[in-house]
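No value in this document is a laboratory result; all are computed from the given coordinates. A quick note: this is a predicted structure, and the numbers were derived from the prediction, not measured. With ideal geometry, Cβ positions are generated from the backbone for all residues, glycine too; neighbour counts draw on all protein chains shown.
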Amino acid sequence: MRHTVQEIATALGLQAAGAVSFEITHAAEPVGAASDALALAMNPDYADGLAQGDAQVAMLWEGADWQALGLQAAIFAPRPRLAMSGLTQMLDAGLGLDAGIHATAVIDPTAVIGGGASIGPFVVINAGVVIGTNARIASHVSIGLNSRIGNDCLIHPGVRIGSNIRIGDRFIAQAGGVIGADGFSFVTPEKSGVEKARETLGDQGDVANDGQGQAWTRIHSLGGVEIGDDVETGGNVTIDSGTIRATRIGRGTKLDNQVHLGHNVQVGEDCLLCGQVGIAGSTKIGNRVVMGGQCGASDNIFIGDDVVAGGATKVFTNVPAGRVILGSPAVKMETQMEINKSLRRLPRALKQLAELKAEFKANFGPDVQKSVSKSDENT
Amino acid sequence: MRHTVQEIATALGLQAAGAVSFEITHAAEPVGAASDALALAMNPDYADGLAQGDAQVAMLWEGADWQALGLQAAIFAPRPRLAMSGLTQMLDAGLGLDAGIHATAVIDPTAVIGGGASIGPFVVINAGVVIGTNARIASHVSIGLNSRIGNDCLIHPGVRIGSNIRIGDRFIAQAGGVIGADGFSFVTPEKSGVEKARETLGDQGDVANDGQGQAWTRIHSLGGVEIGDDVETGGNVTIDSGTIRATRIGRGTKLDNQVHLGHNVQVGEDCLLCGQVGIAGSTKIGNRVVMGGQCGASDNIFIGDDVVAGGATKVFTNVPAGRVILGSPAVKMETQMEINKSLRRLPRALKQLAELKAEFKANFGPDVQKSVSKSDENT
Amino acid sequence: MRHTVQEIATALGLQAAGAVSFEITHAAEPVGAASDALALAMNPDYADGLAQGDAQVAMLWEGADWQALGLQAAIFAPRPRLAMSGLTQMLDAGLGLDAGIHATAVIDPTAVIGGGASIGPFVVINAGVVIGTNARIASHVSIGLNSRIGNDCLIHPGVRIGSNIRIGDRFIAQAGGVIGADGFSFVTPEKSGVEKARETLGDQGDVANDGQGQAWTRIHSLGGVEIGDDVETGGNVTIDSGTIRATRIGRGTKLDNQVHLGHNVQVGEDCLLCGQVGIAGSTKIGNRVVMGGQCGASDNIFIGDDVVAGGATKVFTNVPAGRVILGSPAVKMETQMEINKSLRRLPRALKQLAELKAEFKANFGPDVQKSVSKSDENT
């Protein structure tokens, strides 16, 4: 795949200068870049690196003096990450899927697959499935009964899509994800120790000791999963089906690798849930929420629109819209920062407290009230 | 799949009233329910929703006035979640597997598979495997050498069962789980910095600086995994084989999505380990233990029967039976609640302490002992 | 697989004594060991167990009196875990793969596979792939465009290797891992609330409220993954490709189950990352670093050589070489130990502080300065 500097600039809506018909085959960091690379130096910090590579052309920060940098041509990117988005999309070679349906794929005759599909080896598509146009479905993917996927999906190898899943257009699923597992929902014939502990926050009652009545019976998940347009799911994610209603993921939301969503969870639009985030059953997350890696949320709570949670934040209770939170249990980020500072001082502070108490006692002991009263009387 | 109200009530052992021959095709939440749905309103809070849907029949709380709710028939569920278990099982359409062994499955001639099996496309079953009756094994599953699975198993797509795994009856495995990975067990020819740090709780000795002798050599896992009857494993779980003895999971225990069990771990009976729980090697967990999402346990510790751990609890040391724990490191739940409250007050408390100390000093300074002694003498 | 005691001793470079031609078929713990087992009792604590089994031969601690223990022969292991490594390797039956390429495997004609390969059913190998000699690749594995793997690899079932991945010799991948997923890298046309919150540590500015400009656009990952010799990856790991440069894992490093590495992460040599560790994008980890289970690291930080992190440690900032750390946020292990002790005392300490303050006030109230001054004047 070769592109001229001008082709790239035009595609990205950016300005180019110099020998814009120069052809590149790939993008590279400036240091060690080959002569057919587009070097990426959108920040003056990377300028020195250009001399340590053979790149003839580069993408630079706005206003950069490309000629002084010894380049033959340049593209200027005032918002570098946005330019990266367009550029990396242009240069992505894709999964290498052949057009059409691979001979080894097992597709139920009742399944309907739109035009322009590329379906790889060993794919299994069950009865009643409907898939839109231009599907790209890589090897070893399985899709359960009656699930529907919109147009232009890109499903990496080994993704497991269960039964009764409804997905919008432009869905991207990284490898190994499980969408539509049975929820973790069990019941005991009699009230369990856990139910009691939750009610009383700590006391399990007699159940803990008698060890009776705790054979768990499954509540099956019939509600499936509903996923809006432009959603992406990461590698090895797990998303449970809802019990009666669907588990829902709103338009534009992206889930990173190993994210886990329990049954009946609702995630709003344009959210980012980073690696290994876990959301327990029936919790509702608003729009534009961002949760850093390894965050967790308890079941049956609400996290408002525009909430931002720092890495490893554990959310046990509702969070109002717009709040920036951190810690376990989650509090406002600035509060957690103060708590963290205080924690480092805590061991010394406890010593000081003990000393102060001792000093106070030594001075005023059991008689202090009297003695001070006396000295007051003297005045 | 159509069921009359009476069929459902009879199957669940519940009372029904009204036009009990009314047929439903599925269950639904009351709001927006279709006319062929069984609406689920087992709590008076959901009663209003019935008017916002077309459901003619519903499952209601005990003693509900179904006629006043405008229904044609009703089933009464005194313990709603238990009723849900039976109902969702009745209405689950399953995986859509055809009877028999799919033509594409690769099954070693020495493997023995019981009667009534449904085995999907691209399944691989290795030499020496024995599987009981009525197995339902979905597409892309692989089963390693000499593993044994009891009757009535249900294995979702893409599950990886390793070699030398012994599993009881009625096993359910959600998609993508790995059962019987090699344990994370390595050794260095010389004592490593980690071993020293564990011994001394913090000081690595010279190893950290000399960077010698740390090429890790694998200890292979030969012990396999032993799993009792009625066990379920979630999507993308990972369970390591034991080194010499087996990693064990007791009867009736359920693991949620992305649970990780290290090598030689023993989990008792009827436990629930929620999403993303991780248990490090050789740790022993009792019966009826419940661990909330993202809990973790160190290696080589014991967690007693009936322990309940709140979400994200990290267990570093042994926990006695029956305890309800929370936090990192885990303490009794009520202790953690108090610590959490205290933490929020901590920054202010440290200020108060500093002020008090300053005030004390200002008043009594270095001479305070003397001056107070003097005033004592005055009395 | 039968081995004489002498064969094992010789292979492990250890001393043997007694009837060294005795043949064993497997290794076992002493209690309940069969008569054809090699009992493992490398510590005097296990000696009693030998009487509770039928083992005739055992591996013992150095200097053990094997005859007094009633054995016919013994091997002596001065460093037991090292002996376990060699022994378990000898006794591991492997994956049971047949020699050659299975008839069902789909291998692009442009792929090059070295001599001695065993490639299982339903494997997919894409165009441009190069694999060294003696590859053992189990069922359902897929390998993307132009990826290269060295000699003697062992890839368990269902591993997903993406495009443009370069892996050294003796690579071992446990089942279900995803190597080379697209990184979690998105950009909004306008600055997002998250970017603002990170800059200001808490204040999202107007973005949180206007809800504009937050449709995330993907930055594709073109850099692939580079993995050194002797690396192992656990079950269901996820490793993202780098954006422009590669995500890198150094020689000899081992990743446990469900480890997650974000895009552009660099992990040094001989590291151990335990179960469920997550490393966010572009973070750099030195050599010989050990991170306990469920540790996490923020993006764009450095963790120095020989750092050891206890379980569930969350690293938000750079860590100097050689440090042993614990807690969230990570601090020196001994500091965290002190903080943990202090935390348990905190609720009581806050009460004491309040009492002391009250007592101080009661005694010296608003007039204390004066009254004390007076009593001073009395002296």
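Computed from the C-beta positions of residue B:93 and residue A:25 and an R0 of 45 Å, the FRET efficiency is 0.35 to the nearest 0.05. Packing around the peptides C:157-166, B:335-344, taken as the average count of other Cβ atoms within 10 Å per residue, puts them in this order, highest first: C:157-166, B:335-344.
Label-point spacing for residue C:99 across the identical copies (point 7 Å from Cα in the Cβ direction), in nm and ascending order: 4.3, 4.3. Each copy carries a label point for residue B:361 at 7 Å from Cα along the beta-carbon vector; from one copy to the others these points are 2.2, 2.3 nm apart, nearest first. Between the residues A:97, A:41, A:74, the greatest Cα displacement towards the positive end of the dipole of segment A:1-156, with unit charges on the Cβ of Lys, Arg, Asp and Glu, is found for A:97. Rounded to the nearest 5, the antiparallel percentage of DSSP beta bridges internal to segment B:224-379 is 10%. Each Lys and Arg adds +1 at its Cβ and each Asp and Glu adds -1 at its Cβ; summed about the Cα centre, the protein assembly as shown shows a dipole of about 1840 debye.
Per-residue 3J(HN,Hα) values for segment C:314-325, derived from phi via the Karplus relation 6.51 cos²θ - 1.76 cosθ + 1.60 with θ = phi - 60°, read 10, 9, 9, 9, 4, 10, x, 4, x, 6, 9, 10 Hz in sequence order (x marks Gly and Pro).
Residues considered: B:75, B:113, B:303. Largest GNM mean-square fluctuation over chain B, using C-alpha springs under 10 Å, is found at B:75.
Across peptide A:323-329, the average count of Cβ atoms from other chains found within 10 Å of a residue's Cβ is 6. Per-residue mean of foreign Cβ neighbours for C:254-265 is 6 (Cβ atoms of other chains, 10 Å radius).
Is segment C:84-147 rounded, prolate or oblate when judged by the Cα gyration tensor, a ≥ b ≥ c being the square roots of its eigenvalues, rounded requiring a/c under 1.5 and prolate requiring a/b larger than b/c? Because a/c hits 1.5 or more and a/b exceeds b/c, segment C:84-147 counts as prolate. The DSSP beta bridges internal to the protein assembly as shown are antiparallel in roughly 15% of cases. Across peptide B:134-140, the mean count of Cβ atoms from other chains lying within 10 Å of each residue's own Cβ comes to 4.
With contacts taken as Cα pairs under 8 Å and at least 6 residues apart, chain B reaches a relative contact order of 6 percent. Taking amide H positions as modeled 1.01 Å from N, with prolines and chain starts lacking one, the residues under 5 Å from residue C:178 and 5 or more places away or on another chain are C:160, C:237, C:238, C:239. In the assembly of identical copies, residue B:189 has its label point, taken 7 Å from Cα in the direction of the beta carbon, separated from the corresponding points by 6.2, 6.2 nm (ascending, one decimal). Average 1/r across all pairs of distinct alpha carbons in segment A:3-91, invert it, and you get the Kirkwood radius: 12.2 Å.
In this calculation the C-beta distance from residue A:317 to residue B:334 is compared with R0 = 25 Å, giving a FRET efficiency of 0.90. Ranking B:235, B:110, B:331 by how far each Cα lies toward the positive end of the dipole of chain B (charges on Cβ) leaves B:331 at the top.
About the centre of its Cα atoms, chain B shows a dipole size close to 960 debye [charges on the beta carbon of Lys, Arg (+1) and Asp, Glu (-1) only; nearest 20 debye].
Remark: segment C:3-91 carries a charge dipole of roughly 260 debye about the Cα centre, counting +1 on each Lys and Arg Cβ and -1 on each Asp and Glu Cβ.
Residues considered: B:127, B:349, B:280. Largest GNM mean-square fluctuation over chain B, using C-alpha springs under 10 Å, is found at B:349.
Classify the protein assembly as shown: rounded, prolate or oblate, from the alpha-carbon gyration tensor (a ≥ b ≥ c, eigenvalue square roots; a/c under 1.5 rounded; otherwise prolate if a/b is larger than b/c)? Rounded, since a/c falls under 1.5. The packing ranking of peptides B:266-275, A:90-99, highest mean first, is B:266-275, A:90-99, where packing means the average number of other beta carbon atoms within 10 angstrom of each residue.
Calculated mean residue ellipticity, 222 nm, chain A: -6500 deg cm²/dmol, from DSSP H runs (n ≥ 4) at -39500 (n - 2.57) each, averaged per residue and rounded to 500. Among B:330, B:138, B:103, the largest mean-square fluctuation in a Gaussian network model of chain B (Cα springs under 10 Å) belongs to B:103.
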